[in-house]
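Have a look at the structure below before the remarks.
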Amino acid sequence: MLTYMEVHLYYTLPVLFLLLLLLRPFHSAQDSVKYLFLCTMALSTATPWDNYIVYHRAWSYCSNCVVAVIGYVPLEEYMFFAIMTMMTVAFTNLVMRWHLAAFFLKSSDPFQTKCVRYIPIVGFLSIGMKAFLLAIPNTPLFYGACILWYVCPVLALLWYGAGPYICRRWKGVLTSILVPTFYLCWVDQVAIGAGTWHISERTSSKIMIVPHLPLEEFMFFFLINVVLVFATCALDRAYAVLSLYSSTNSSTQHMTHRLNMTTMTYLFKAFCVADEDLDPLPLDDLNDTWTILKQGSASFYTASAVFPSEQRQDLGILYGFCRATDDLADDEAVPTDQRKRKLDLVRSFVVDMFNSKTNTAADIDWAPFQDDLPKDCLASMRCFVRLRHVLDIGAIMELLDGYEWDLAQKPITDEADLKHYAACVASSVGEMCTRILLKHHPVYGGASFVPSPVASSVSWIIARARDMGLILQYTNIARDIVIDSQTLGRCYLPLTWLSPDECDLFFSRRARRLGDDRLRSLAVNLLDMADQLQPGAQRAIEKLPMGCQGGVRAACGVYCGIGQALKSAEGYPTRAHVSKLHRAWLALAHVYALPSWTMSHRSFKATLTSLYNSLPSIFLSSSPASSSYQRKGKVRAFYIE
């Protein structure tokens, strides 16, 4: 005999714990809101419904197989409401999280949107009304009709707020519905076969999908999972609308991190906004900005998926802006004076952005920029405005100083110059990334004024983030000593480290003639400087929001793997790199904070090889556009290539 509690212990709870374990590095405040809200709704609606159908003997349970009964329903059934909700929502999060919800928002034709929105609603409500009339106790249609009148009105409501969005994500939606449905049907079949509970023949159709699985039970699991997946999509869409269209972005996002009336008010307002009412420009700008990333850094585009959606979107906007403005500085097809003028325009834009009182692009006069800047750059700048409340103007200006350093081809005369240059092009980006991540922190984010101890902690974290920028840039320079000389005629090493003859070799694009031993010695000097900064920078990662720590560890760990490859190589490779397989393993190990010894353990790598070969190409290969993308200048640390 199988008790109801054993069904949970053997079949439902282990799967739920596994899903939560897989999602733990990616967990965010938004996920907590989803779990709490949907579990609350499931318990509050299913409790009276299930008591009603058990009272009318649609199903019954073995009295010796349950711990206790509350009302007419076993305690374990109440547990099942929460477990099934958590399981399906967690699986849906796992399936859906790899693509930003905002990519599936679309300002559609009003007539088309209304048809897609309202025709299914009429169908759901009609079925629900008919089922309600057919739900007569002690008749064969009772159980099935009760299921339909229970779910159809909810489906109509969810379709009203997210129908077109659900259609655009149909592959993920179907996967999220069918996999939990088939699994729970199998568990149900096992339990019915073991006599844990029984479906009454008097109130059911007596149709069996497979032995011990009545049609009504399949309907229940399928339709409840449809409701849960649709509800998850509706919440994802509402959050995406808030993140793109809220003019008070900082306060709104922070308020929606907890389940309360304020959160539900914001989400309900976003839920009710129809697709045709969305301004298409922010959607187009976001897509254009992420296209820049796909073309210029498919590695970052893919790696960004390990961050929670709200941070991922903002990080993508930041990196898109960095790539677009970097191309302005490095495009050698454009005369130097024109590139300088374009960077001056970007500076003017940054000043205008911080003089603006809101985070909306509409408050900025774009006329001075329209004629001289490329369309994709303008799109990234319009997106970038939404980060005004998070970033510090000094870090942005510092990044532009780094571009102008390269544009003027200023030499790195000594270690102070090296640190200053690396701070401009890498520490500035590290600071901006950290400010974005801290925006969503329950202590450090969401307030304009913070107590001095908190402000001190924020300053320390940002200082360590700037150190991490130095680490990555030093590693980048160590890797590209020969490449920078051969392709750019540039030397990013301190000239005080070199003799006059060695300087001549660098600037005449012949750095390789220094020989492996000398090149390796120079690279190791840089890597030693980076290693001295590592301990503090790594400790700062632990202060970031939990859902971001794995992503930051992975990004930094993969990049620092280049340094290990340089140190372990014989001689000096022209461009040291980490293989895709090893990169994937490093990322996985850092995301899940696996013990350090696993990062080089052969058996673990062998296991990963089979997993790696089975992954979809989207996670491992560059897009067609990226394969033809050519760098125009110095590859900077924030490229994560």
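The values are calculated or read from the model by the stated rules, or taken from the named source; none is laboratory data. A quick note: this is a predicted structure, and the numbers were derived from the prediction, not measured. Here the Cβ is made from the backbone with ideal geometry for all residues, glycine too, and neighbour counts use every protein chain on show.
Below are the figures for this structure:
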| read-out | value |
| --- | --- |
| Any chance Phe321 is surrounded by fewer than 21 Cβ atoms within 10 Å (Cβ to Cβ), of a type in the set (A, V, I, L, M, F, W, C) and either in a helix (DSSP H, G or I) or modelled with pLDDT of 90 or more (or both) | no |
| Residue satisfying all of: in region 14-44; polar (S, T, N, Q) and part of a helix (DSSP H, G or I); modelled with the lowest pLDDT among these | Gln30 |
| Candidate set: region 23-53, residues that are of a type in the set (A, V, I, L, M, F, W, C) and closer than 26 Å to Glu216 by Cβ; chosen: the one surrounded by the fewest Cβ atoms within 10 Å (Cβ to Cβ) | Leu43 |
| Single residue of Asp501, Asp480 found to be of a type outside the set (Ser, Thr, Tyr) and either within 25 Å of Cys560 (Cα to Cα) or outside the structural domain of Ala565 (by TED's automatic domain parsing) (or both) | Asp480 |
| Tally, over region 263-288, of residues that are without any contact (Cβ under 8 Å) to a residue 60 or more places away in the chain and of a type in the set (Gly, Ala, Ser) | 1 |
| Hits in region 54-65 - residues which are surrounded by 12 or more Cβ atoms within 10 Å (Cβ to Cβ) and touching a residue at least 60 places away in the same chain (Cβ under 8 Å) | His56, Arg57, Ala58, Trp59, Ser60, Tyr61, Cys62, Cys65 |
| Residue that is farthest from the chain's Cα centre (by Cα), among those in region 119-163 that are β-branched (Val, Ile, Thr) and within 27 Å of Glu201 (Cα to Cα) | Thr139 |
| Residue within region 497-510 that is under 37 Å from the mean Cα position of the chain (by Cα), closer than 25 Å to Ala569 by Cβ and not acidic (Asp, Glu) present | no |
| Those residues of region 263-280 which are under 16 Å from Arg117 (Cβ atoms) and either in a helix (DSSP H, G or I) or among the hydroxyl-bearing types (Ser, Thr, Tyr) (or both), in sequence order | Ala270, Phe271, Cys272, Asp275, Glu276, Asp277 |
| Residue identified as in contact (Cβ under 8 Å) with a residue 24 or more places away in the chain, under 19 Å from His389 (Cα atoms) and either assigned to a helix (DSSP H, G or I) or not charged (D, E, K, R) (or both) among Leu315, Leu343 | Leu315 |
| Qualifying residue in region 425-442 (condition: free of Cβ contacts under 8 Å to residues at least 60 places away in the same chain and among the aliphatic types (A, V, I, L, M)) | no |
| So Ala68, is it small (Gly, Ala, Ser) and without any contact (Cβ under 8 Å) to a residue 12 or more places away in the chain | yes |
| Pair list, Cβ < 9 Å and 6+ apart or interchain, from region 196-224 residues that are at positive phi to residues that are assigned to a helix (DSSP H, G or I) and of a type outside the set (A, V, I, L, M, F, W, C) | His212/Asp188; His212/Gln189; His212/Gly193 |
| Only listed residue being assigned by TED's automatic domain parsing to the domain that holds Asp414, of a type in the set (Lys, Arg) and either surrounded by 15 or more Cβ atoms within 10 Å (Cβ to Cβ) or outside any helix (DSSP H, G or I) (or both), chosen from Arg539, Arg466 | Arg466 |
